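Okay, so here's the structure we're looking at.
The values are calculated or read from the model by the stated rules, or taken from the named source; none is laboratory data. Note that the structure is a prediction, hence the values are computed from the model and not measured. Here the Cβ positions follow ideal geometry from the backbone for every residue, glycine too, while neighbour counts run over all protein chains shown. For the accessible areas, the whole protein counts, side chains as well, though only heavy atoms, and no ligand, DNA or RNA atoms are used. Shrake-Rupley method; radii C 1.70, N 1.55, O 1.52, S 1.80 Å.
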Amino acid sequence: MASKKKRNQKIYVIGAMVLLIVILAINFGLTQKKKEIPNQQEQTKEEIANLENENIIAKLQGMEERDRIEYYFGMFLREMEEEEYEKAYQLLYEDFKKNYFPTLDSFTQYAQKTFPEMSVIEYENIERNGDVYILWITIDDALKGGPNTEKQKMNVVVRENDYNDFEMSFSVI
C-alpha cells in the first residue's frame, strides 16, 4: 500500500510540474505577443504621422477627383478654424506666399480678419486645367450666418502632386 501511495504522490508531483510548465509557456507566449504589437505610446511621433498619412491616402484613393480637391480645401480650412496657421501656411504655393504673404505673421493676420471662426462652404463649380483644379466657392460664417449676412465668394486653385500631396492658393479679397 505504501508503494501505491508513493506512486500516486509521484503522479501528483508530475502533474503539478506539467501544469506549471504549461502555465509558464502560456505566460511566455503572451509576453512575446505583447512585444510584437507595439503600444501606441511607444510609437514615435513620426511613425504615428506616417500611419495617419497612409490612412488618409487610402481614403483619398477611393474618392472621386472632385471630392479629393474639396477634401484638400477642407483640410486647409480646418487648420484655419483650429488656428493652426503655420500648417495652413505650409499648404500654400511658394510663389503665392512670396507675392501675398511673405511671412507667417502676414498670413495669420489676413486669415484672422478674412476667414470666419467656423465656415460653411458651398462649392459652386470646379474645373480642371492640366494638373491644376479651380474651385468656385462661397464662404459663409456658420456662427453668424443667415440670409442677411455677407457671404464671400472666392476662387481656390489646387495642384495635386500626389495623394495627400498638394499646394494651393486662393483669390485674396
| field | Quarter of the Cα convex hull surface for segment 78-173, i.e. its orientation-mean projected area (nm²) | value | 6.4
| message | Give me the percent of accessible area attributable to carbon and sulfur for segment 114-173, probe 1.4 angstrom. | response | 44
| query | Can you give the net charge of the other residues whose Cβ lies under 10 Å from the Cβ of Met80, counting K and R as +1 and D and E as -1? | reply | -4
| Carbon plus sulfur fraction of accessible area for segment 55-101, probe 1.4 Å, in percent | 39
| said: Let me check against my output: what whole-number percent is the relative contact order of segment 52-128, with C-alpha pairs under 8 Å and at least 6 apart? | reply: 30
| said: Accessible area per residue for segment 88-173 in Å², computed with a 1.4 Å probe and the full protein assembly in place, what is it? | reply: 60
| remark: Under the rule rounded for a/c under 1.5, else prolate if a/b exceeds b/c, else oblate, using alpha carbon gyration tensor axes a ≥ b ≥ c, segment 36-133 is classed as oblate
